[in-house]
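To start, the structure under review is shown below, and the notes come after it.
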Amino acid sequence: MRNELRTKTAKFYEEAEKRSFVANKVGFGDVRAKPESLVSSCAGRFTVVPVSAKRGDGLEQLREGVYDVVRVYTKPPGGKADLTKPSVVRRGSTVGDVAETAHKDFARNLKYAQVWGSGKFDGQRGRRDYILQEGNIVELHI
């Protein structure tokens with residue numbers, strides 16, 4: 001039971017590193033000083049965006065974080081892309097970043113990728129550092 005809890009906690013933190021969390025009701029009652037301590041205690045593990053919807057505090061930072069992403073799609077070599085399940089990554093993410101989201105072994109063993117949607121021609125080869133754009137389709141070759 002204890003090992004299972006440790007495994008689940010470790011998995012939560014591993015997944016949380018890829019996400020941002022929103023802390024609402026900042027400034028509600030006597031909690032004015034707590035957002036800073038929450039942000040600092042989570043630093044390095046995941047991003048916390050403190051907001052107050054009532055006062056409007058932090059909404060611009062939240063908007064930038066939410067809309068600073070692109071959707072990319074993966075497909076198996078020779079197969080079709082599943083356009084119903086995008087990988088949502090931060091703007092400026094690379095082929096290597098998408099390989100990491102698919103599986104850590106993909107990122108480690110990635111030889112090259114083919115990218116559709118933003119190159120000079122469809123199916124253009126992209127290296128690990130190729131920066132992806134909204135709607136790209138990526139075929140990872142390991």
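The values are calculated or read from the model by the stated rules, or taken from the named source; none is laboratory data. These numbers come from a predicted model, not from an experiment. Neighbour counts are summed over all protein chains in view; Cβ atoms, including those assigned to glycine, are modelled from backbone coordinates with ideal geometry.
Might you let me know whether the stretch 51-62 holds any residue that is of a type in the set (Gly, Ala, Ser) and either assigned to a strand (DSSP E or B) or at pLDDT 80 or above (or both)?
Within the stretch 51-62, one or more residues are of a type in the set (Gly, Ala, Ser) and either assigned to a strand (DSSP E or B) or at pLDDT 80 or above (or both).
I'd like the full set of residues that are modelled with pLDDT of 85 or more and either aliphatic (A, V, I, L, M) or touching a strand residue (DSSP E or B) at 6+ places or on another chain (Cβ under 8 Å) (or both), limited to the stretch 92-106.
Once the filter is applied, which keeps residues that are modelled with pLDDT of 85 or more and either aliphatic (A, V, I, L, M) or touching a strand residue (DSSP E or B) at 6+ places or on another chain (Cβ under 8 Å) (or both), the stretch 92-106 yields Gly92, Ser93, Thr94, Val95, Asp97, Val98, Ala99.
In the stretch 68-87, what count of residues is obtained for those that are under 17 Å from Glu134 (Cα atoms) and at pLDDT 85 or above?
13
Just the residues that are of a type in the set (Asp, Glu) and part of a loop (DSSP other than H, G, I, E, B), please, taken from the stretch 115-142.
Passing the criteria: Asp122, Asp129, Glu134.
Can you tell me which residues in the stretch 82-102 are buried (at least 18 other Cβ atoms within 10 Å of the Cβ) and in contact (Cβ under 8 Å) with a residue 40 or more places away in the chain?
Val89, Val95, Val98, Ala99
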